[in-house]
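Asks: Can you keep this structure in mind? I'll have questions shortly.
The values are calculated or read from the model by the stated rules, or taken from the named source; none is laboratory data. Bear in mind the structure is a predicted one, so any value in this text is a computation, not a measurement. Backbone-built Cβ (ideal geometry, glycine too); neighbour counts: all protein chains shown.
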Amino acid sequence: MIINVPDTTATGVHMALVKARHSVGVASSMVFTLLVVADLRNYDDVFNACKDAGREHPSRIILITNGLSASSRMDAEIHLGEEVPGEIISLRFHGEMVNHRDSVVLALLLPDSPVVAWWPGKSPDKPGDDPIGALATRRITDAMGASNPLRALETRARNYSPGDTDLTWTRLTPWRALLAAAVEQYPATIADVTVTSAANNASGMLLAAWLEDRLKCTVVRSESTTGLGITQVRMNTSKGDITISREDGRMATFSAPGLPRRVVALRRRELNALITEELRRIDVDDIFAASMRCLVQRCERPADPVGIVAKASG
Amino acid sequence: MPVATGPPRTSPRSSTTRSRNARTPFREEVWQQLLEGIRFVAGDFTDEAAFATLKDTLQELDEAQGTGGNHAFYLSVPPKAFDLVISQLKKQGMTKSVKGAWSRVVIEKPFGHDLASAQVLERQVSSAFDSQSVFRIDHYLGKETVQNMLALRFANQLFEPIWNRNYIDHVQITMAEDIGIGGRAGYYDGIGAARDVIQNHLLQLLALTAMEEPTSFDAAQLRTEKQKVLAAARPPRDIAAHTARGQYRGGWAGGRQVLGYLEEEGIDQASQTETYAAIRVDIDNRRWAGVPFYLRTAKRMPRRVTEVALNLRRAPHLPFTHNDIEALGTNALVMRIQPDEGITLRFGAKVPATLMEIRDVTMDFAYGNSFAESSPEAYERLILDVLLGDPPLFPQHEEVELSWKILDPILDFWADIDTQPEGYASGSWGPESGRAMLARDGFVWRRP
């Protein structure tokens with residue numbers, strides 16, 4: 001590689017050096033191995049998300065897909081020093097090899113560092129028991145990638161093992177931050193809560209479980225026919241409602257009794273941002289585990305609030 | 001017959017084949033020069049005439065090639081043929097160094113199969129060659145990195161203060177191979193992983209890691225320090241609890257379907273030979289008391305790797321919340337011997353984000369990338385050392401015997417219990433008993 005640094009200073013040379021080192025990809029400073037089990041269908045999106053995640057977390061990313069050929073073989077493609085400080089190894093398994101992917105992946109794990117597995121689309125029912133999942137200490141699924149997200153999230157919750165998380169949860173981070181701030185700022189006892197979201201929105205289901213687990217009050221879900229994702233959370237207190245509404249998936253309005261309405265940025269985020277955030281934590285997420293336990297309880301309750309359809313109000 | 005004569009076989013393979021097998025750029029003129037001196041002498045070990053021809057051939061080469069009577073015999077022969085070959089060489093008067101010329105012998109592992117047989121071998125060899133003319137070749141010790149272990153330890157101020165029981169928690173020495181026994185059933189069966197690797201490579205690596213500083217890198221000084229530490233090392237008192245052995249089963253390894261050990265060609269169905277061996281060694285001296293050294297080696301592991309990992313104690317106080325440091329392990333200094341020679345340092349660092357999240361990161365020094373010139377192949381270096389008569393890298397018989405003293409009680413114990421070694425999946429990091437052996441002491445094996 002040739003780098004031209006015309007008309008420069010010591011700082012300029014230094015910056016060019018740092019840039020070169022990053023683009024060449026020092027095989028050393030990688031912090032973990034990320035195993036990505038993807039479908040050919042969304043390969044490009046996932047590949048881009050991997051590149052972005054690799055920028056914040058220099059890592060060895062092993063992208064695992066199943067090819068269509070009937071002969072038993074594996075094709076590999078290695079991306080090194082292309083915009084990312086780590087490396088991306090794309091493995092495509094064909095034929096009989098599809099059943100022995102773990103034997104290849106095990107040999108490619110980085111020494112003595114964490115292993116994270118991520119299923120951007122369809123994921124196994126019990127990721128902890130999956131041959132690839134068993135290699136990892138952290139397993140990230142995405143219920144929204146399944147054909148029936150609500151059922152997928154419930155399956156996740158019933159089969160939870162420590163180290164599991166779901167991107168459904170990551171999508172909630174800004175909502176949770178805002179709700180936590182609202183509850184802390186407004187000193188009133190919350191009687192009940194209504195979470196309104198689009199039909200089939202797993203995040204709404206999980207947010208309801210989290211709120212019930214934290215606030216120990218009744219949380220009802222309702223579905224809205226307009227808007228994207230979660231559209232409203234209304235917390236009913238003796239003094240009136242604290243409401244956060246987001247109709248357009250970008251800006252939310254916050255209102256509470258006696259306070260002026262405020263506009264808050266609450267943007268739905270891209271896959272790239274979600275996975276990058278999720279990879280910041282390698283340890284077990286205890287709050288998520290508690291919320292998933294609550295979600296199972298909610299599903300088992302006879303008067304299950306899930307599925308109640310009400311007209312969402314602004 | 002290991003040395004052959006006659007005109008060099010001049011149907012050499014194409015130069016592309018030769019250059020493909022060369023580690024460094026292939027140079028035709030070097031090859032041609034080498035070819036000038038190659039002779040084949042065919043014959044049987046029992047055939048005295050063949051040894052006489054060998055002698056004549058060497059004499060002819062002394063004049064034609066100017067070797068001046070300097071000979072090194074590289075005995076790549078089965079252990080049971082040693083005695084015969086050495087006595088044949090002796091009979092022809094080729095073993096004694098004469099004035100102005102040397103006669104050396106190179107022998108390969110295994111140096112016996114226990115202490116008694118090692119002593120017999122030593123008697124046979126020393127009957128013919130002077131002790132300073134015997135080179136026990138161990139290609140791991142020729143690796144640049146092993147020598148660099150000495151440089152790392154004794155050329156730096158940074159590491160010596162932590163190189164003791166006050167800072168080091170435990171040490172793991174691993175030599176993993178991804179292959180099975182291949183076509184070496186005849187050699188391997190009945191020998192096993194402990195004799196094949198632990199007795200020589202791993203105990204030598206242990207000695208280099210644990211020994212005191214030699215007063216110089218003079219062969220005698222270095223040997224003295226290695227012998228001292230090997231004499232202080234002992235096998236575990238509870239051998240059942242602190243050793244493990246296994247045998248690989250068939251299955252899928254690294255994306256290939258492979259046979260189990262007992263299914264390999266030429267292996268007895270009831271063979272109890274271990275292909276995985278792990279042992280704990282304790283060193284009873286001031287520097288290492290209470291620091292266990294774990295040695296493991298196996299065939300059919302996920303990848304080929306040899307390394308020495310020093311695991312440090314946890315910091316005595318951590319001013320962080322439990323959440324911050326959940327993903328933090330302990331510091332480690334890893335000397336990677338092969339294939340990716342270098343040094344790795346593992347320490348905790350903050351994850352870049354608003355959270356105070358601390359996680360292990362590694363810092364690597366790789367020889368392959370850092371030095372422009374590729375390091376010479378281990379054997380090249382060793383053969384050069386033999387020719388130069390420079391023995392510091394070669395273990396002497398005292399070291400070999402001390403190593404057997406550590407291993408013999410374990411081998412006897414395994415032979416006495418007379419059971420099949422525990423099976424482990426090909427392409428895995430070994431059997432459950434290996435994991436349990438470390439768990440008993442509160443440790444886990446690194447993934448190398």
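Asks: Would you say B:R336 is modelled with pLDDT of 90 or more and either surrounded by 15 or more Cβ atoms within 10 Å (Cβ to Cβ) or among the hydroxyl-bearing types (S, T, Y) (or both)?
Replies: When the stated conditions are applied, B:R336 does not pass them.
Asks: Can you tell me which of (1) modelled with pLDDT of 85 or more; (2) part of a loop (DSSP other than H, G, I, E, B); (3) surrounded by fewer than 22 Cβ atoms within 10 Å (Cβ to Cβ); (4) within 13 Å of another protein chain (Cβ to nearest Cβ) is the one B:M301 doesn't meet?
Replies: In the conditions (1) modelled with pLDDT of 85 or more; (2) part of a loop (DSSP other than H, G, I, E, B); (3) surrounded by fewer than 22 Cβ atoms within 10 Å (Cβ to Cβ); (4) within 13 Å of another protein chain (Cβ to nearest Cβ), B:M301 misses (3) alone.
Asks: Now a separate question. What do you reckon, is A:I287 within 30 Å of A:I140 (Cα to Cα), among the β-branched types (V, I, T) and within 14 Å of chain B (Cβ to nearest Cβ)?
Replies: Yes; evaluated as a whole, the condition is true for this residue.
Asks: What's the number of the condition B:N148 fails, among (1) closer than 28 Å to B:R381 by Cβ; (2) buried (at least 18 other Cβ atoms within 10 Å of the Cβ); (3) not assigned by TED's automatic domain parsing to the domain that holds B:I343?
Replies: Among (1) closer than 28 Å to B:R381 by Cβ; (2) buried (at least 18 other Cβ atoms within 10 Å of the Cβ); (3) not assigned by TED's automatic domain parsing to the domain that holds B:I343, the lone unmet condition for B:N148 is (3).
Asks: Something else: Could you list, in sequence order, the residues of the range B:321-366 that are aliphatic (A, V, I, L, M) and facing chain A (nearest Cβ under 8 Å)?
Replies: Of all residues in the range B:321-366, those aliphatic (A, V, I, L, M) come to B:325, B:327-328, B:332-335, B:337, B:343, B:345, B:349, B:351, B:353, B:355-356, B:358, B:361, B:363, B:366.
Of everything in the range B:321-366, those that are aliphatic (A, V, I, L, M) and facing chain A (nearest Cβ under 8 Å) turn out to be B:A327, B:A332, B:V334, B:V351, B:A353, B:L355, B:V361, B:M363, B:A366.
Residues checked against (1) in contact (Cβ under 8 Å) with a residue 60 or more places away in the chain; (2) touching a Ser or Thr at 6+ places or on another chain (Cβ under 7 Å); (3) buried (at least 18 other Cβ atoms within 10 Å of the Cβ); (4) of a type outside the set (A, V, I, L, M):
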position: B:A101; (1), (2), (3), (4): no, no, no, no
position: B:S117; (1), (2), (3), (4): no, no, no, yes
position: B:L121; (1), (2), (3), (4): no, no, yes, no
position: B:D138; (1), (2), (3), (4): yes, no, yes, yes
position: B:P161; (1), (2), (3), (4): no, no, no, yes
position: B:Q172; (1), (2), (3), (4): yes, no, yes, yes
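Asks: Scanning for something farther than 26 Å from B:H113 by Cα, in contact (Cβ under 8 Å) with a residue 40 or more places away in the chain, more than 14 Å from chain A (Cβ to nearest Cβ) and in a helix (DSSP H, G or I), does the range B:387-407 turn up at least one residue?
Replies: Yes: the range B:387-407 contains one or more residues that are farther than 26 Å from B:H113 by Cα, in contact (Cβ under 8 Å) with a residue 40 or more places away in the chain, more than 14 Å from chain A (Cβ to nearest Cβ) and in a helix (DSSP H, G or I).
Asks: Name the one entry in A:A252, A:A188 that is touching a Lys or Arg at 6+ places or on another chain (Cβ under 8 Å), under 24 Å from A:R269 (Cβ atoms) and outside any helix (DSSP H, G or I).
Replies: A:A252
Asks: With the requirement that a residue be part of a loop (DSSP other than H, G, I, E, B) and within 25 Å of B:L388 (Cβ to Cβ), what does the range B:47-91 give you?
Replies: Scanning the range B:47-91 gives B:Q65, B:G66, B:T67, B:G68, B:G69, B:N70, B:S76, B:V77.
Asks: So, one more: Restricting the range A:54-110 to residues that are assigned to a strand (DSSP E or B) and charged (D, E, K, R), which is farthest from the other protein chains (Cβ to nearest Cβ)?
Replies: Step by step, filter the range A:54-110, then rank; the result is A:E77.
Asks: I would also like to ask the following. I need the full set of residues from the range A:53-68 which are of a type in the set (D, E, K, R) and modelled with pLDDT of 85 or more, in order please.
Replies: As a first pass, look at the range A:53-68 and keep what is of a type in the set (D, E, K, R): A:55-56, A:60.
Across the range A:53-68, the qualifying residue is only A:R60.
Asks: Would you be able to tell me the number of residues in the range A:235-269 that are over 18 Å from A:A177 (Cβ atoms) and either within 27 Å of the chain's Cα centre (by Cα) or not assigned by TED's automatic domain parsing to the domain that holds A:R176 (or both)?
Replies: Summing the residues that are over 18 Å from A:A177 (Cβ atoms) and either within 27 Å of the chain's Cα centre (by Cα) or not assigned by TED's automatic domain parsing to the domain that holds A:R176 (or both) in the range A:235-269 gives 2.
Asks: Filter the range B:367-384 down to the residues that are in a helix (DSSP H, G or I), away from chain A (no Cβ under 14 Å) and either farther than 30 Å from B:P214 by Cβ or at pLDDT below 80 (or both) and list them by number.
Replies: B:A378, B:Y379, B:E380, B:R381, B:L382
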